[in-house]
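Okay, so here's the structure we're looking at.
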Amino acid sequence: MHRERPQIVTRVPTMDDKTTILLAEDREDDIILIQRAFKAGGIPYPLMVVRDGEEAISYLSGVGRYANRELYPIPGLFLLDLTLPVTDGFEVLRWIRGQPVLKDIPVVVLTASDRIRDVNQAYQLGAYSFLVKSLDFLDAIALAHAISEYWLKIKKHAPAQLPPPQWPPKENLIPPSVAAEYPEPPAPRPDVGTSC
């Protein structure tokens, strides 16, 4: 049974340096790893998280709990896992590309799969880039840097808006039980004895 998807009626705002990145990922371990890697890598962009394909579509549509665009701004970059529950990443890509207001949001596919069929299908559906996730924290930091560098190259072309002052919403924070299992990474040390 095919369900009617919401249509976007608002205009995507112009780009800004503090634009929001949306992460669609269902595995809590991967969410925490990416959040910590962004923090350890000094990535300044706010990261919002949705945990399944339907929630991603609701967020992007601005419906239900995501109707307040001050709390849930349209992202300037979308990191999408392909193996999401409810509605998979491929369906989310198809839906995005059918939305005139959202079709230009850069979508970077993050997945554990490196199957060429998945890569080709993601590109055919409009993904800008395809990156294979790693469970190693240092690899995750390198991935965060790669996303940041990629972001700097494309940000002039992607629309987005600033997050609100009360960002992030409470429900987007890491649950205390999970946070206790994954302690904060140590702060990077400044280089000692180097001269410019």
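The values are calculated or read from the model by the stated rules, or taken from the named source; none is laboratory data. Bear in mind that the values here come from a model prediction, so they are computed numbers and not experimental data. Here Cβ is always computed from backbone atoms with ideal geometry, including for glycine, and neighbour counts include all displayed protein chains.
Worth a mention:
- Among the residues making up the range 120-147, those that are β-branched (V, I, T) and either at pLDDT 90 or above or crowded, with 17+ Cβ neighbours inside 10 Å (or both) are I141, I147.
- Residue list for the range 64-94, filter: surrounded by 21 or more Cβ atoms within 10 Å (Cβ to Cβ) and either in contact (Cβ under 8 Å) with a residue 60 or more places away in the chain or among the acidic types (D, E) (or both): Y72, P73, I74, P75, G76, L77, L79, D81, L84, G89, V92
- Count - residues of the range 14-36 that are under 19 Å from P106 (Cβ atoms) and buried (at least 19 other Cβ atoms within 10 Å of the Cβ): 8
- Among the candidates L152, L93, the residue that is at pLDDT 60 or above and not in a loop (DSSP other than H, G, I, E, B) is uniquely L93.
- When residues in the range 105-119 are screened for being modelled with pLDDT of 80 or more and under 15 Å from the mean Cα position of the chain (by Cα), 6 of them pass.
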